[in-house]
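K.L.:
I am attaching a structure below and will ask some questions about it afterwards.
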Amino acid sequence: MLMGIKAMDENRERRGEISRMIETQLKRRGIRKPEVLEVFQRIPRHLFVPGRHQVEAYGDFPLPIGSGQTISQPFVIALMLEYLNLEPHHHVLEVGTGSGYATALLSSMVAWVDSVEFYQSLLDEVDARLEQVQITNCALFHGNGWEGPPAKKLYDRIVVWASPNQVPENLVRALKPDGRMVVPVGKGDQRLYIITQSAGKVQKEFVDWVRFVPLINGDPL
Ligand code: SAH
């Protein structure tokens, strides 16, 4: 009985924290799309960070998740979800599963997500987290995103959560003809681009400055 009440209190507290995060970090900075704001309410970020960081899970910053990697800042994820212009029927490729938080957000918005991660040790944690939030419309792959998608398939949308020094060609080739990719490029302060292609010509639109961990090239660990 006591346990039940404590769990209920915790739940209420978390819902409050999530609502405050959405209000102060997302809405006030211009995130407008209702379908983006809605998934942040639905997927609890604290379930995707290591235990010792759970108290700061709703802070306005990235947090360490192991293997020198981080779970991205909520605002930057929201911004990229807006730039992706997602539709419910879309098939999405995600490079950099990390904690699986963005995988859960994306999967809540589209038909299917293929997600590829360089570190097996990070992936090991993700299945159980996705199960906890009842996400089943995604597949996780261990691999190197530079090499293109893990499945032989074209995608409506591609999102890259780590920064390459140039746009990986193999990813551009995996876009459907009217597809779109959102990807940071460069070192230090990075340029965020929306990549589209029409009539075989690749278009690159600069939209923002961001900071991500580097996209690693090599044999996946
Ligand atoms: N969206 C994730 C972001 C994690 S940070 C989250 O919010 O948790 C970026 C991730 O990209 C890291 O997990 C890192 O290991 C992964 N990564 C880096 N280089 C990669 C590559 N070449 N292929 C696949 N994943 C890569």
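K.L.:
Any idea which of (1) within 14 Å of the ligand (Cβ to nearest atom); (2) open to solvent by 40 Å² or more (accessible area, probe 1.4 Å) is the one Thr97 doesn't satisfy?
P.N.:
(2)
K.L.:
Assuming Val185 fulfils every condition listed in (1) away from the ligand (no atom under 15 Å from the Cβ); (2) without any contact (Cβ under 8 Å) to a residue 40 or more places away in the chain; (3) open to solvent by less than 50 Å² (accessible area, probe 1.4 Å) apart from one, which condition is it?
P.N.:
Evaluating Val185 over (1) away from the ligand (no atom under 15 Å from the Cβ); (2) without any contact (Cβ under 8 Å) to a residue 40 or more places away in the chain; (3) open to solvent by less than 50 Å² (accessible area, probe 1.4 Å) leaves (1) as the failure.
K.L.:
Follow-up. Exactly one condition in (1) more than 16 Å from Met181 (Cβ to Cβ); (2) touching a Pro at 6+ places or on another chain (Cβ under 8 Å) is false for Gly59; which is it?
P.N.:
Here Gly59 meets the rest and fails (2).
K.L.:
Ok, one more. Looking only at the range 47-89, which residues are of a type in the set (Ser, Thr, Tyr) and closer than 27 Å to Lys204 by Cα?
P.N.:
Keep residues of the range 47-89 that are of a type in the set (Ser, Thr, Tyr), which gives 58, 67, 70, 72, 83.
Across the range 47-89, the qualifying residues are Thr70, Ser72, Tyr83.
K.L.:
Separate question: Given the criterion open to solvent by 20 Å² or more (accessible area, probe 1.4 Å), assigned to a loop (DSSP other than H, G, I, E, B) and either near the ligand (Cβ under 10 Å from one of its atoms) or of a type outside the set (Val, Ile, Thr) (or both), identify the matching residue among Gln197, Gln166.
P.N.:
Among Gln197, Gln166, only Gln166 is open to solvent by 20 Å² or more (accessible area, probe 1.4 Å), assigned to a loop (DSSP other than H, G, I, E, B) and either near the ligand (Cβ under 10 Å from one of its atoms) or of a type outside the set (Val, Ile, Thr) (or both).
One line per residue, one yes/no per condition, for (1) surrounded by 17 or more Cβ atoms within 10 Å (Cβ to Cβ); (2) closer than 27 Å to Ile22 by Cβ:
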residue	(1), (2)
Met109	yes, yes
Phe118	yes, no
Ala128	no, yes
Pro150	yes, no
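K.L.:
Kindly list the number of the only condition in (1) more than 11 Å from the ligand (Cβ to nearest atom); (2) open to solvent by 90 Å² or more (accessible area, probe 1.4 Å); (3) more than 24 Å from Phe75 (Cα to Cα) that fails for Val202.
P.N.:
The single condition Val202 does not satisfy is (2).
K.L.:
A follow-up question, please. Does at least one position in the range 145-162 carry a residue that is in contact with a helix residue (DSSP H, G or I) (Cβ under 8 Å, 6 or more places away or on another chain), among the hydrophobic types (A, V, I, L, M, F, W, C) and either free of Cβ contacts under 8 Å to residues at least 24 places away in the same chain or away from the ligand (no atom under 14 Å from the Cβ) (or both)?
P.N.:
The answer is no; no qualifying residue exists.
K.L.:
Out of all the residues in the range 111-123, is one or more among the β-branched types (Val, Ile, Thr) and not in a strand (DSSP E or B)? Break it down stepwise before answering.
P.N.:
Initially, the range 111-123 is screened for residues among the β-branched types (Val, Ile, Thr), giving 113, 116.
With not in a strand (DSSP E or B) added as a condition, the list becomes none.
There is no residue in the range 111-123 that is among the β-branched types (Val, Ile, Thr) and not in a strand (DSSP E or B).
K.L.:
Another question, if that's okay. Could you check the range 100-140 and list, in sequence order, the residues that are among the polar types (S, T, N, Q) and away from the ligand (no atom under 13 Å from the Cβ)?
P.N.:
Selection gives Ser108, Gln132, Gln134, Thr136, Asn137.
The values are calculated or read from the model by the stated rules, or taken from the named source; none is laboratory data. It should be emphasised that the depicted structure is a prediction, and the values quoted were computed from it without experimental measurement. Reconstructed Cβ throughout: ideal geometry from the backbone, glycine too, with neighbour counts over all protein chains shown. For accessibility, only protein heavy atoms count, side chains too; no ligands or nucleic acids. Shrake-Rupley method; radii C 1.70, N 1.55, O 1.52, S 1.80 Å.
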